[in-house]
1. For the subset of segment 41-53 comprising residues that are of a type in the set (A, V, I, L, M) and at pLDDT below 80, which member is surrounded by the fewest Cβ atoms within 10 Å (Cβ to Cβ)?
2. Please determine, by comparing only the residues of segment 1-40 that are of a type in the set (Gly, Ala, Ser) and at pLDDT 75 or above, which one is nearest to Lys59 (Cα to Cα).
Amino acid sequence: MDDKEILVHHIMGLDVSAIELLAKAVDTDEEDTRTLIEELVKEGKLEGYITEDGRRFFKTQVRVSDKPTILLVEEKVPEFLTYNTAPGRFIAIIGVIIDVIGFVSLSVSGGIQYFENLGLVLLLIGTIIAFSGCFWIGRRKTP
C-alpha cells in the first residue's frame, strides 16, 4: 500500500481526522500529509476540507451511524408535582372579590357609619379568606 491508499483507508475507514495521527500512519511529517490529502481531494478520492489551522481534515460525506437510536421514554410526572392547586386558587379569588366589595362599600359609604363598618368587616373577612386560599396552595409537601 502506498501513502495515498493508507490515508484513504484511515480517513474513510477508520474515521481519523487529526493530521498528526495521519502523518504518523504514513510515517511522514504533517506538511507532506496535508499535501497528500490535497492531492487526494483534487483526484476525487476524498471529499472534504482541511481546517484553517491545518490540524484536522473533515469529510463532507457523512456516514450514518450503526449505533441504535435513543428512544425517548415517556417519563411519569412525580407525585409531588401533581398537587391540585385549583381549590386554593378558587378560595383566594373569592377572598379578593370580597375584598373588592368591602373596598367599594367603604369608599361609597359617604360617612354613613353602618356602611363603613360593613366595608371594613368585608375587607377583613376577604383578606382572611384570600390568605387561607394562599395557605392551601402553599401547604404542598416538598419532596
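The values are calculated or read from the model by the stated rules, or taken from the named source; none is laboratory data. These numbers come from a predicted model, not from an experiment. Glycine gets a Cβ as well: all are built from the backbone with ideal geometry, and neighbour counts include every protein chain shown.
1. Quick first cut of segment 41-53, residues of a type in the set (A, V, I, L, M) only: 41, 46, 50.
Filter once more, so that each one left must be at pLDDT below 80: 46, 50.
Details: Leu46: 22, Ile50: 17.
So the residue we want is Ile50.
2. Here is the first cut: in segment 1-40, the residues of a type in the set (Gly, Ala, Ser) are 13, 17-18, 23, 25.
The next check asks that each one be at pLDDT 75 or above; those that pass are 18, 23, 25.
Values: Ala18: 12, Ala23: 17, Ala25: 18 Å.
It comes out as Ala18.
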